[in-house]
Structure formats: C-alpha cells, structure tokens
1. Scan the range 362-370 and tell me whether some residue there is away from the ligand (no atom under 12 Å from the Cβ), aliphatic (A, V, I, L, M) and in contact with a Phe, Trp or Tyr (Cβ under 6 Å, 6 or more places away or on another chain).
2. Against the definition (within 30 Å of Thr424 (Cβ to Cβ), out of contact with any Pro (no Cβ under 8 Å at 6 or more places or on another chain) and not in a helix (DSSP H, G or I)), how does Gly388 come out, yes or no?
3. Assess whether Gln86 counts as being surrounded by fewer than 14 Cβ atoms within 10 Å (Cβ to Cβ), within 21 Å of Ile150 (Cβ to Cβ) and among the polar types (S, T, N, Q).
4. Could you grab me the full set of residues in the range 403-453 that are away from the ligand (no atom under 13 Å from the Cβ), in contact with a helix residue (DSSP H, G or I) (Cβ under 7 Å, 6 or more places away or on another chain) and open to solvent by 50 Å² or more (accessible area, probe 1.4 Å)?
5. What number of residues in the range 263-278 are closer than 19 Å to Ala453 by Cβ and within 12 Å of the ligand (Cβ to nearest atom)?
6. Looking at the range 241-356, what strands (runs of 3 or more DSSP E) fall wholly within it and have at least 1 residues that are of a type in the set (Asp, Glu) and open to solvent by less than 50 Å² (accessible area, probe 1.4 Å)?
7. Which pairs do you get when a residue that is outside any strand (DSSP E or B), found in the range 418-430, comes within reach of a residue that is hydroxyl-bearing (Ser, Thr, Tyr), reach meaning Cβ atoms under 7 angstrom, with the pair 6+ apart or on two chains?
8. Is there a residue in the range 156-174 that is open to solvent by less than 70 Å² (accessible area, probe 1.4 Å), more than 24 Å from Val130 (Cβ to Cβ) and not β-branched (Val, Ile, Thr)?
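The values are calculated or read from the model by the stated rules, or taken from the named source; none is laboratory data. Quick caveat, the model's predicted, so the values are computed rather than measured. Note that each Cβ is placed from the backbone with ideal geometry, even for glycine, and that neighbours are counted across all protein chains shown. The area values use the complete protein model at the heavy-atom level, side chains included, leaving out ligands, DNA and RNA. Shrake-Rupley method; radii C 1.70, N 1.55, O 1.52, S 1.80 Å.
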Amino acid sequence: MAYDKKLVELAIKLFSIDAVKFGEFTTKSGIKTPVYFDLRVIVSYPEVMESISNLLLEIAMQNLKYDHVCGVPYTALPIATLLSVQTKRSMLMRRKETKAYGTKKSIEGHYKAGQSCLIVEDVVTSGSSVLETVRDLRKEGLIVTDAVIILDREQGGKKNLEVNDVQIKSLFSMTTLIDILMKNGKITEEIVLKVKNYLKETQAPVIDKPVERIQLPYEKRAELATNSVAKQLFNIMATKKTNLCLSVDLTSTTKILDLLEKVGEHVCLVKTHADIIEDFSNDFITRLKDLAQRFNFLILEDRKYADIGHTVSLQYTKGLHKVAEWADCVTAHSLPGEGILKALNSANGVNHGVFFLAEMSCEGNLITPEYRESTVSMAAKYPDLITGFVCQNKDTFKDPGFIQLTPGVQLESSKDNLGQVYNTPEKVILENGGDVIVVGRGIVAAKSPETQAVLYKDTLWKCYLKRVAEN
Ligand code: S5P
C-alpha cells in the first residue's frame with residue numbers, strides 16, 4: 001500500500017522523537033504492551049505540531065461540519081488550539097475536574113445548545129476518554145457526532161465510539177503506523193509480528209451505549225431521580241400501576257371532588273387549574289389533600305408561571321390560592337429565564353417540584369428547537385427542583401431521573417377547535433417517550449368518566465409495559 005508522503009514523514013518523525021516506542025512496557029492499567037505512545041512530547045517540536053494539524057485538516061476533517069472544536073484533555077489540547085485557529089472555529093475546553101466554586105461548569109467557552117462540536121484526540125485505545133468528553137458536551141446540549149484522532153490503536157475504541165454515535169477518522173491505525181516504520185527500516189518484522197499478536201489478544205472491554213431513559217422501568221428511575229416529587233411519583237406509578245394524570249379542568253369544587261372520588265384510585269397525578277374554579281376555598285384544598293392521601297396520588301397545579309422571579313414568588317406563595325401550601329408540584333415556563341427557577345426554588349423549602357415547559361401540544365405555538373434545548377440546559381442546573389418536563393418529544397431530554405409529562409392525548413388522534421392537538425396513547429408512549437400522560441376532556445367530558453378513566457389507565461399502562469419489554 002502506498003502511503004501519503006507526508007504521513008510517512010510524520011510517522012518517522014514520531015518514532016525519532018520517542019513519541020512512539022517499541023519494547024516491553026506496562027500501561028497505566030497494568031497490561032504489558034510491546035508498543036508505547038507518548039504524544040505529550042510533541043509540544044517540544046513545533047514542526048511536528050504543525051504537520052499533525054495540517055494532516056488532520058487534509059485527511060481527517062474533509063467534509064466534516066462543526067461549529068466548535070474540543071480537544072480531549074490534556075495531550076490533544078494544543079492540537080485542538082491549532083485546528084481552531086486554522087479553521088476559524090471556536091474552541092471549547094472540558095475541565096476534567098469540575099470547579100467546586102463559581103459556575104461549576106465543566107465546559108469552558110461560549111456555545112449554544114444545538115451547536116455541533118468536533119472532538120480532537122491523540123490516541124484512542126478503548127474510546128473511554130473521548131466518551132467522557134462527548135458526554136459532558138452532550139449534557140450541555142451540544143451535538144457531537146465526529147472525532148478526529150492521530151492514532152487508533154485498533155483495540156476496540158472505534159467500535160465503542162460508533163456504538164455511542166461517534167464516528168472517528170484517524171491519521172494512523174496501529175497497523176499502518178508499524179507498516180510504515182517497518183518499510184522504512186525503523187523496526188523489524190519480528191516487532192511487527194509481536195505488535196500484531198498483541199493487538200489480537202488485547203482488545204479493550206466493550207463500552208455499551210448508556211440505556212435510554214425510555215427503556216427503564218419507573219421503579220428504577222425512582223432511584224435515579226434527584227427531585228423528591230419525581231421520586232415519589234415514579235414510585236406511585238410503579239405501585240399503583242398507572243401513569244395516568246387526570247386534568248380536572250372543571251369549574252366547581254363539588255364536581256372536582258365528586259369526580260376524584262370515582263377515579264382517584266386510577267391516577268398517579270391530579271392536575272388542577274386553581275384559577276378556573278369559581279368557588280375555590282380552603283375547605284376544598286383540605287378535601288383535595290384528603291383524597292390525595294386516601295388514593296395515593298400527587299397534585300400538580302398547572303399554573304404555567306411565566307413572570308419575573310419576584311412576581312412568581314408572590315403568585316406561588318400568596319393570593320387567594322397559596323399554591324405553595326398545597327401543590328406537590330407546579331408548571332412553569334422557561335421564557336423569563338433562570339429567575340423563575342430561583343424564585344420557585346427558594347419560595348418553599350422541601351418536597352416540591354417543577355414541571356418545566358419545554359414544548360406545547362397546541363398548533364402554531366412559538367417554541368423552537370433552540371428554546372426547547374435552552375430550557376433543558378437551564379433545568380439541568382436545578383436537579384433538586386425539577387420534577388421533569390412538559391413536552392411532546394422523547395429527544396427533548398435524556399436524564400432518566402426526570403419525568404416527561406405529555407398532554408394532548410385522547411384514544412383517537414384529533415384536534416379541538418382552539419388549536420389543541422391530540423395523539424393516541426400508543427404514539428405518545430411508544431414513539432414520543434411520554435412517562436406521565438395527561439388526559440382532560442377525554443375523561444372529564446365522557447358520559448361515564450369512571451369507565452373512561454379505567455380504559456385510559458389500562459391502555460396507557462399496556463403501552464408502557466410494551467415499551468419497557470421491547471427495549
Ligand atoms: O402543552 C400543553 C401543556 C399543558 S399543561 N398542552 C396542554 O394541553 N396542557 C394542559 O393539559 C392544558 O392546560 C389542559 O389542562 C390539559 C389538556 O386537557 P385536554 O382536555 O385537552 O386533554
């Protein structure tokens with residue numbers, strides 16, 4: 001095989017500066033190896049750095065599109081810097097140790113969720129270091145699909161990364177590197193054989209793709225939840241075998257309480273709109289809480305807060321409704337920014353939660369993919385407060401400890417005459433990733449709400465069981 005002249009020159013140079021060595025070595029993990037790479041030395045050879053970055057650009061980075069580059073700490077950082085300057089793409093830096101003070105950010109640099117980032121690494125063995133960086137970038141909402149590498153040791157890293165949706169392009173594989181060195185009289189055939197045998201025998205362990213949240217059963221997710229209401233709700237769902245949330249959009253307290261007497265045992269969550277109730281009173285709240293305790297369901301006040309933090313904290317704790325005193329959780333928009341979460345976080349102390357609106361079910365709403373992603377990034381900073389997201393799409397968030405609350409559900413897909421769009425239980429649970437499913441008029445406006453609640457509960461639970469079994 002004919003190799004690019006510049007690659008041959010680089011291989012020989014790496015050999016001559018001891019960036020690649022042959023002999024008997026023991027790796028960090030205690031494994032014996034006949035070949036050892038130490039690319040840290042390249043910082044002492046500017047011409048090698050230049051040639052590596054030029055070759056990565058010419059050979060590995062052709063046809064790749066990316067907004068940022070990020071080197072895997074630490075050896076690849078200077079190479080990533082050169083590539084950033086040459087391509088005029090901004091660089092991101094991942095901290096290996098997150099700061100104990102200040103912003104606690106693991107990624108430094110300016111970026112927006114939804115932008116793409118190319119990974120730069122020196123040597124890939126198992127792929128685990130690249131994956132650590134990929135995971136931190138993905139946590140911030142960045143899209144990572146490609147990594148460029150100086151050397152692939154061919155010990156399973158490429159496969160491990162592919163399984164985790166990262167494609168790699170490398171300047172050298174171990175095979176091409178030793179072939180070049182042998183052909184140029186730097187190493188003997190015997191060494192080549194030794195390295196090839198070693199490669200056959202020493203493959204890195206397989207790194208499985210992390211399990212997706214929708215594959216996990218609710219009881220497992222309860223263990224992963226960081227918000228106490230989310231934990232409770234997952235456990236209630238698992239125990240009562242229902243993921244039905246009833247939206248009691250009625251305007252009279254008697255009607256609400258009568259309905260809950262009938263259907264309370266079939267639901268895990270009751271969603272209220274306190275501001276549509278005409279005879280709201282403290283007595284109503286006492287009776288609602290009694291029902292919640294008797295039937296073991298939680299209460300979500302769907303207030304959809306959307307004001308500045310100060311106003312929201314008053315709306316939440318004061319006024320006629322004093323929501324903070326009785327609701328286990330509330331809904332809030334991310335539109336005003338983080339102040340809203342700060343307000344809700346400090347307004348009540350313990351055992352409360354927020355479902356953050358990342359998407360809406362109604363036609364023509366103005367939420368964009370960027371808004372959705374920024375909402376999820378904002379929420380990630382408040383793991384103790386966020387119960388989950390009100391959303392329609394399984395890709396909205398990944399963290400299995402959060403709950404996807406999905407409204408806009410009826411047994412047949414349809415629309416109402418004010419923009420509401422209904423999907424079926426199958427679609428919202430199996431395709432769209434809904435965890436707790438909100439049904440309002442599908443039950444409330446039925447001739448027999450009780451019969452209908454049982455039907456919804458059974459249908460939704462079957463879909464959930466199918467989802468967990470399928471995966
Ligand atoms: O995007 C949304 C968010 C919510 S919380 N779309 C929604 O419909 N909701 C609420 O879910 C809405 O305010 C209503 O209380 C319930 C849906 O009721 P239904 O009668 O259309 O099932």
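1. no
2. Answer is yes for this residue.
3. no
4. Those that are away from the ligand (no atom under 13 Å from the Cβ), in contact with a helix residue (DSSP H, G or I) (Cβ under 7 Å, 6 or more places away or on another chain) and open to solvent by 50 Å² or more (accessible area, probe 1.4 Å): Glu426, Glu450.
5. Adding up the residues that qualify gives 5.
6. Per the criteria, 298-305.
7. Gln420/Ser361; Thr424/Ser413; Pro425/Thr459; Val428/Thr406; Ile429/Tyr464
8. No, there is no match, as no residue in the range 156-174 is open to solvent by less than 70 Å² (accessible area, probe 1.4 Å), more than 24 Å from Val130 (Cβ to Cβ) and not β-branched (Val, Ile, Thr).
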